[in-house]
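Participant: I have a structure I would like to understand better, so I am pasting it below and will then ask my questions one at a time.
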Amino acid sequence: MRNEALIVIDMQNDFCDGGALAVPGANAIVPLVNRLIERFDHVVMSQDWHPAGHASFASSWRDATPFSTASFAYGPQTLWPAHCVQGTTGAAFHSHVNATKAELIVRKGFHSGIDSYSAFRENDRLTLTGLEGYLKARGFTRLVLCGLALDYCVAWSALDARQAGFDVAVAVEATAAIDLDGSRERMLAEMTQAGIALSA
Ligand code: VGL
Ligand code: ZN
């Protein structure tokens with residue numbers, strides 16, 4: 001459909017089996033993501049793309065452990081194992097994901113002091129990636145999201161898309177969650193509350 005785009009979030013090696021920040025069940029969704037890519041006329045992909053020593057990595061701080069919460073200038077920030085470092089194999093798309101059709105690949109998380117879960121707006125909630133402007137310039141009004149991770153980058157992207165006025169659905173069956181301290185249920189509820197359609 002002319003007004004509709006599929007947004008494939010962060011289908012990268014580091015979020016898949018054996019990766020630095022492996023999301024349980026990530027590899028199993030690859031065929032479902034590919035089926036969605038086949039079905040849509042327009043596909044955009046996001047790529048988590050951190051410089052080495054990024055502030056969101058626990059390893060960038062003294063005595064910090066992965067999955068703990070730190071206080072950043074912009075608010076609380078989860079510290080992650082180092083992942084998706086620019087130019088590494090871990091940052092590349094999973095080789096079975098069909099990226100050929102992607103009309104735009106939007107990279108995020110490249111500012112060394114700011115994390116970015118959302119493909120629209122970084123975690124300081126001020127810095128924009130430009131994706132909203134791109135999608136509006138292309139005339140898309142309806143977005144369907146899939147990919148990794150449901151409760152972080154997919155959910156934050158979906159909420160920002162809704163905030164930006166798009167009609168938004170998340171293909172939950174083509175996602176997998178990190179599920180940190182109940183984040184999966186919490187973000188599903190937030191998305192429902194925001195008027196985002198959740199399939200399956
Ligand atoms: C993600 C944590 C850190 C994601 C990215 O893609 O969901 N999560 N960076
Ligand atoms: Zn990241």
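Participant: Out of all the residues in the stretch 85-108, which are under 13 Å from Ile9 (Cα atoms) and either of a type in the set (A, V, I, L, M, F, W, C) or in contact with a Ser or Thr (Cβ under 6 Å, 6 or more places away or on another chain) (or both)?
Facilitator: Those that are under 13 Å from Ile9 (Cα atoms) and either of a type in the set (A, V, I, L, M, F, W, C) or in contact with a Ser or Thr (Cβ under 6 Å, 6 or more places away or on another chain) (or both): Ala91, Ala92, Phe93, Val97, Ala99, Ala102, Leu104, Ile105, Val106, Lys108.
Participant: Among the residues of the stretch 125-145, is any within 16 Å of ligand 2 (Cβ to nearest atom), buried (at least 17 other Cβ atoms within 10 Å of the Cβ) and either charged (D, E, K, R) or closer than 20 Å to Glu38 by Cα (or both)?
Facilitator: Within the stretch 125-145, none of the residues are within 16 Å of ligand 2 (Cβ to nearest atom), buried (at least 17 other Cβ atoms within 10 Å of the Cβ) and either charged (D, E, K, R) or closer than 20 Å to Glu38 by Cα (or both).
Participant: Something else about it: For the subset of the stretch 1-15 comprising residues that are closer than 13 Å to Phe93 by Cα and crowded, with 24+ Cβ neighbours inside 10 Å, which member is farthest from the chain's Cα centre (by Cα)?
Facilitator: Asp14
Participant: State yes or no: is Ala82 away from ligand 2 (no atom under 14 Å from the Cβ) and either at pLDDT 95 or above or crowded, with 17+ Cβ neighbours inside 10 Å (or both)?
Facilitator: The answer is no for Ala82.
Participant: Spot the failing condition for Ala70; the list is (1) away from ligand 1 (no atom under 14 Å from the Cβ); (2) farther than 26 Å from Ala161 by Cβ; (3) in a strand (DSSP E or B), and only one is missed.
Facilitator: Evaluating Ala70 over (1) away from ligand 1 (no atom under 14 Å from the Cβ); (2) farther than 26 Å from Ala161 by Cβ; (3) in a strand (DSSP E or B) leaves (1) as the failure.
Participant: Further question on the same structure: Among the residues of the stretch 8-33, how many are more than 13 Å from ligand 2 (Cβ to nearest atom), closer than 20 Å to Trp156 by Cα and part of a helix (DSSP H, G or I)?
Facilitator: 2
Participant: Looking at (1) assigned to a strand (DSSP E or B); (2) within 15 Å of the chain's Cα centre (by Cα), which one does Glu103 not meet, given that it meets all the others?
Facilitator: Here Glu103 clears every test but (2).
Participant: While we're on this one: Is it true that Asp17 is in contact with a helix residue (DSSP H, G or I) (Cβ under 7 Å, 6 or more places away or on another chain) and free of Cβ contacts under 8 Å to residues at least 40 places away in the same chain? Before you say what the answer is, go through the steps one by one.
Facilitator: Details: in contact with a helix residue (DSSP H, G or I) (Cβ under 7 Å, 6 or more places away or on another chain): yes; free of Cβ contacts under 8 Å to residues at least 40 places away in the same chain: yes.
Judged against the criteria, Asp17 is a match.
Participant: Consider Thr192 against the criteria (1) touching a strand residue (DSSP E or B) at 6+ places or on another chain (Cβ under 7 Å); (2) in contact (Cβ under 8 Å) with a residue 24 or more places away in the chain: it satisfies all of them except one. Which criterion is unmet?
Facilitator: Result: Thr192 passes all but (2).
Participant: Also, I was wondering about something else. Is it the case, given these coordinates, that Ser157 is in contact (Cβ under 8 Å) with a residue 60 or more places away in the chain, more than 27 Å from Asn27 (Cβ to Cβ), within 16 Å of ligand 2 (Cβ to nearest atom) and not aliphatic (A, V, I, L, M)?
Facilitator: Considered against the rule, which asks whether it is in contact (Cβ under 8 Å) with a residue 60 or more places away in the chain, more than 27 Å from Asn27 (Cβ to Cβ), within 16 Å of ligand 2 (Cβ to nearest atom) and not aliphatic (A, V, I, L, M), Ser157 comes out as no.
Participant: Taking the residues in the stretch 73-84 that are touching a strand residue (DSSP E or B) at 6+ places or on another chain (Cβ under 8 Å) and assigned to a strand (DSSP E or B) as candidates, determine which candidate is farthest from Met11 (Cα to Cα).
Facilitator: Step by step, filter the stretch 73-84, then rank; the result is Pro76.
Participant: Within the stretch 34-49, take every residue that is in a strand (DSSP E or B) and not polar (S, T, N, Q) and give me the one that is farthest from Val8 (Cα to Cα).
Facilitator: Of the residues in the stretch 34-49, the ones in a strand (DSSP E or B) are 43-48.
Pick out the ones that are also not polar (S, T, N, Q) and you get 43-45, 48.
Values: Val43: 7, Val44: 6, Met45: 5, Asp48: 12 Å.
Restricting to residues being in a strand (DSSP E or B) and not polar (S, T, N, Q), the top hit is Asp48.
The values are calculated or read from the model by the stated rules, or taken from the named source; none is laboratory data. From a predicted model like this one, the values you see are computed outputs, not experimental measurements. Neighbour counts run over all protein chains shown; Cβ positions are idealised from the backbone, glycine included.
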